[in-house]
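Down below is the structure, laid out as structure tokens.
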Ligand code: AGP
């Protein structure tokens with residue numbers, strides 16, 4: 001939700017800021033804008049729509065040279081995505097420019113106060129109030145950081161705010177509460193951004209900011225305090241990937257690149273965590289064996305695709321460890337008064353580590369005395385930082401809004417956790433523990449085999465691209481796979497798609513079936529107790545005129561006569577099947593959107609990181 005960049009240093013600020021915004025555009029693309037400080041004045045350019053519109057605007061109306069600048073790419077909350085509401089917002093006297101990510105919850109009260117004081121607001125945004133409040137505050141504050149600290153004390157809600165002042169070139173100041181902000185430490189230059197991707201081409205040295213902190217950067221200094229001016233301790237770290245990891249690398253789309261990277265992402269997530277005998281070790285888990293042994297219940301909270309990973313985890317955790325496990329939509333969790341005790345373990349799954357619903361759910365769980373374990377792809381993000389322990393997925397940067405490689409690695413991390421828990425509690429896995437762990441080690445190669453079938457899946461998508469609606473059904477861990485397949489299609493191809501547990505069909509959804517409706521069926525491996533039941537479901541669906549597209553094991557011939565199309569999957573243990581079954585559905589959704597001419601990497605109305613509730 002909104003990408004933010006700030007720069008001070010010897011380079012042309014505009015170039016650095018625009019380049020950073022390009023890398024952050026996945027966070028929001030309703031509008032974009034920049035402000036630069038030069039010759040005791042602030043100049044801004046802002047434009048509705050994608051970054052390209054802003055670049056065209058700057059081409060027509062160039063900005064002066066400057067070494068201090070800020071930039072913003074917006075996912076609209078307050079006010080339509082038009083030129084006026086685009087950030088930066090400037091104070092009436094033109095001295096202050098502000099960009100903001102998040103929601104200022106008390107903005108209506110602050111706006112009324114400003115209006116009563118004669119201020120004329122130009123936009124419908126919550127952000128603009130900060131520009132005017134800060135301009136007023138600067139009459140008494142000794143410097144910009146002091147002024148911003150005073151203003152932040154008056155704000156409620158979630159915000160990352162970055163400001164510049166016309167009279168202080170070479171200074172950018174920012175504040176954060178419940179919204180992401182990282183600092184990039186360069187040599188003779190410094191950076192601010194929502195995500196390290198914005199400055200990774202310049203420096204890999206990053207600093208995490210804590211809650212309620214203000215940072216001032218100049219070319220040679222980084223000063224961090226709390227909202228009251230007390231010096232704050234910060235965590236400095238080195239980013240382990242380089243700029244090329246966040247480039248398309250020869251692919252037309254980030255999504256295609258990220259789908260193709262899945263075998264490596266799985267292998268990287270497993271690296272060093274399973275030994276040759278199948279023993280699992282999880283550094284950083286932050287929970288002692290005694291704590292893991294005493295857990296009576298596990299609750300997984302997550303949103304969207306990460307929630308589907310949690311659903312798959314439930315099957316594995318309960319089967320392998322016999323510990324009861326619930327899965328909750330993070331957005332619902334804390335509002336239903338859940339029962340949480342100190343022997344409940346809450347697992348928060350999040351690619352970004354910044355999803356507000358998931359963050360609030362985990363904070364709530366900790367307040368109630370539960371331990372929280374994060375499964376996360378973003379080093380140093382808020383969710384792992386506030387958790388008792390973390391299992392990092394090593395998917396590398398995921399830029400496309402639709403999650404692919406992060407999802408598969410979340411599933412892998414959940415399997416690792418389940419196996420580790422079974423090991424610690426001595427429950428075994430029902431099957432031979434070491435065998436299944438070693439099978440997990442082979443999944444990367446199996447996902448590679450599925451990728452070899454991409455062309456056939458693309459042809460299928462082209463053939464049925466006129467469909468108005470597509471249903472997905474599955475059983476056991478194939479059910480969350482069906483939900484994920486439907487979610488991918490909704491978010492990318494903007495079409496009606498629903499996932500169902502196949503056993504539920506006859507309880508209602510079967511009424512949706514009509515001649516030619518595509519139904520995609522995820523069939524469990526042969527020998528699974530639900531295999532034959534789902535083969536019956538395929539027949540029921542086909543008997544009602546639907547077009548059956550069946551994902552089944554390589555040598556499963558039982559489905560041949562009932563399937564209009566078959567997508568073959570490599571053989572693997574039942575519970576591990578989602579790793580291979582999801583991939584064709586990702587390719588399918590990507591191709592459906594491409595055929596329809598939609599923007600696959602930046603689907604409408606969405607943003608990669610959802611930092612508002
Ligand atoms: C996935 O394709 C989605 N764009 C979305 O559902 C996402 O998984 C969800 O918003 C959770 O994000 P997180 O993993 O960063 O918390």
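Residues that are part of a helix (DSSP H, G or I) and within 15 Å of the ligand (Cβ to nearest atom) within region 487-507 comprise 487, 488, 489, 490, 491, 492, 493, listed in sequence order. Of the numbered conditions (1) modelled with pLDDT under 95; (2) closer than 16 Å to residue 516 by Cα, residue 470 fails exactly one; give the number of that condition. Every listed condition holds for residue 470 apart from (1). Scan region 467-482 and give yes if some residue there is touching a residue at least 12 places away in the same chain (Cβ under 8 Å), within 16 Å of the ligand (Cβ to nearest atom), closer than 24 Å to residue 267 by Cβ and not in a loop (DSSP other than H, G, I, E, B), otherwise no. Checking region 467-482: at least one residue is touching a residue at least 12 places away in the same chain (Cβ under 8 Å), within 16 Å of the ligand (Cβ to nearest atom), closer than 24 Å to residue 267 by Cβ and not in a loop (DSSP other than H, G, I, E, B).
Considering 187, 196, 171, the condition of being closer than 18 Å to residue 6 by Cα and within 29 Å of the chain's Cα centre (by Cα) is satisfied by 196 alone. Under the condition of being under 17 Å from residue 224 (Cβ atoms) and out of contact with any helix residue (DSSP H, G or I) (no Cβ under 9 Å at 6 or more places or on another chain), the residues counted in region 134-151 number 3. Is it fair to say residue 321 is away from the ligand (no atom under 16 Å from the Cβ), crowded, with 21+ Cβ neighbours inside 10 Å and touching a residue at least 60 places away in the same chain (Cβ under 8 Å)? Here the answer is yes, as residue 321 does meet what is asked. The lone criterion from (1) surrounded by 12 or more Cβ atoms within 10 Å (Cβ to Cβ); (2) free of Cβ contacts under 8 Å to residues at least 24 places away in the same chain; (3) on the phi > 0 side of the Ramachandran plot left unmet by residue 251 is number (3).
Checking the structure you have, find out if any residue of region 508-529 is touching a strand residue (DSSP E or B) at 6+ places or on another chain (Cβ under 8 Å) and within 16 Å of the ligand (Cβ to nearest atom). Looking for residues that are touching a strand residue (DSSP E or B) at 6+ places or on another chain (Cβ under 8 Å) and within 16 Å of the ligand (Cβ to nearest atom), one finds none in region 508-529, hence no. Of all residues in region 305-318, those that are near the ligand (Cβ under 10 Å from one of its atoms) and either within 9 Å of residue 484 (Cβ to Cβ) or in contact with a helix residue (DSSP H, G or I) (Cβ under 7 Å, 6 or more places away or on another chain) (or both) total 4.
Looking at the structure I just gave you, is residue 534 without any contact (Cβ under 8 Å) to a residue 40 or more places away in the chain, in a helix (DSSP H, G or I) and within 18 Å of residue 585 (Cβ to Cβ)? It is false that residue 534 is without any contact (Cβ under 8 Å) to a residue 40 or more places away in the chain, in a helix (DSSP H, G or I) and within 18 Å of residue 585 (Cβ to Cβ). Looking only at region 236-248, which residues are touching a helix residue (DSSP H, G or I) at 6+ places or on another chain (Cβ under 8 Å) and touching a residue at least 40 places away in the same chain (Cβ under 8 Å)? Within region 236-248, 239, 246 qualify. Of the residues 427, 382, the single one that is surrounded by 22 or more Cβ atoms within 10 Å (Cβ to Cβ), out of contact with any strand residue (DSSP E or B) (no Cβ under 7 Å at 6 or more places or on another chain), over 21 Å from residue 481 (Cα atoms) and not assigned by TED's automatic domain parsing to the domain that holds residue 589 is 382. Taking the criterion of being assigned to a strand (DSSP E or B), modelled with pLDDT under 95, assigned by TED's automatic domain parsing to the domain that holds residue 409 and buried (at least 17 other Cβ atoms within 10 Å of the Cβ), would at least one residue in region 280-299 satisfy it? Yes, some residue in region 280-299 is assigned to a strand (DSSP E or B), modelled with pLDDT under 95, assigned by TED's automatic domain parsing to the domain that holds residue 409 and buried (at least 17 other Cβ atoms within 10 Å of the Cβ).
The values are calculated or read from the model by the stated rules, or taken from the named source; none is laboratory data. What you are looking at is a predicted structure, and each value in this text was computed from that prediction instead of being measured. Positions of Cβ are generated from backbone atoms using ideal geometry, with glycine treated the same way; all protein chains shown enter the neighbour counts.
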